[in-house]
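Below is one structure, written out as structure tokens; comments come after it.
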Amino acid sequence: MKSMQPWIVCAFGALQTACLKPNPVHCSEIQPCDGELICHLPTNTCVAPEDLPEVGEGTFKISLADVLAVPAITLPAQLSTERGAPCIDFLPDSFWATSAHPDRSVSVAVSISIDRTVVTGSRPLVLVATNSITVTGDLDLSSRRQIRLGPAANSPLCVTPRPPEQAEAGGGGPGGSFQTMGGDGGSGGNDVGADASASVLLPTVLRAGCPGSRGAGQAGAGGDSGGVAYLAAGGSITVTGWISSSGSGGDLGGLASGGSGGGSGGMIVFWAPSIEVAGARIFVNGGGGAAGGDQDSPNDAGEDPNEDQPTTPAEGGSSGA
């Protein structure tokens, strides 16, 4: 099944036919190649995975001409996108069709398997397989309140909303915006909460969503956005487990403070000739906003999204008594 959700890219770029093997075998969507060969549909020819010159489409196109792919990678349980981390390479800008992408970490292999992996770090995660990527368990790119940030969470491209009008009047901070607009901050006793920033156009570069904003007074920090990942394969992507790039809830604050907004979801991009996600759960939900506190009781933090209930919004905090 091919999904046409906004965060999934599953089109075909034009490959360099000079890189294909001589006397190519013809193929089609209904006539696949034999063995390990991959059908390149734009030219209807079979090509070996190691001879695939590029994957991706548009600004997400990736050149493999000067990249040596290892035979196979199984991602570890904990993966950092920082320099020097296992399984991670840092390839030159010529790796991309555009240099506008932020600094990123890249794993390149003939095949990549993911069972249960939690990803952190300041850079987007890019997984490139010349043949296949398989996710049978959990790929967790989410942020968790006071625990961790997803890869490249809280994009520097975010527009910071204005703060509540009166610093001590209890107005709430808005939730982070990304592909949809975050929730506006709630009104305090003497102040109107701040409005959320507008949603952004479908991104053409790898970037995360936006954090939630602080409320008035002694408010806690806003929630963090989910992380960023790009999965590209020359043959197929199969997901039977779940992938989450959700944001975290707004943090708790002090007395007479406004609640802080939850972080938005992040960004997940797929590209492959065949994408199978039947039975999978793939979500990029926002975190819950914190509640406001009164003169006697501090506010309560917002909840992180529940992966077991991906269609249920994260709960906001309960207000002071």
Given 199, 236, which one is surrounded by fewer than 24 Cβ atoms within 10 Å (Cβ to Cβ) and without any contact (Cβ under 8 Å) to a residue 40 or more places away in the chain? 199
Which of the following residues is under 25 Å from residue 115 (Cβ atoms) and either part of a loop (DSSP other than H, G, I, E, B) or at pLDDT 85 or above (or both): 257, 248? 248
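Here is a yes/no grid of residues against (1) of a type in the set (Phe, Trp, Tyr); (2) closer than 17 Å to residue 114 by Cβ; (3) surrounded by 17 or more Cβ atoms within 10 Å (Cβ to Cβ):
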position	(1), (2), (3)
216	no, no, yes
223	no, no, yes
243	no, yes, yes
276	no, yes, no
303	no, no, yes
309	no, no, no
Suppose the filter is among the hydrophobic types (A, V, I, L, M, F, W, C), under 21 Å from residue 310 (Cα atoms) and at pLDDT 90 or above; does residue 135 pass it? yes
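So which of 74, 43 is at pLDDT 65 or above and out of contact with any strand residue (DSSP E or B) (no Cβ under 8 Å at 6 or more places or on another chain)?
Answer to the check: 43.
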Would you mention how many residues in the range 260-285 are of a type in the set (A, V, I, L, M), under 10 Å from the mean Cα position of the chain (by Cα) and assigned to a loop (DSSP other than H, G, I, E, B)? 1
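The values are calculated or read from the model by the stated rules, or taken from the named source; none is laboratory data. Treat the numbers as computed from the prediction; the structure is a model and nothing was measured. Methodologically, a virtual Cβ is constructed for each residue, glycine included, from the backbone with ideal geometry; neighbour enumeration extends over all protein chains shown.
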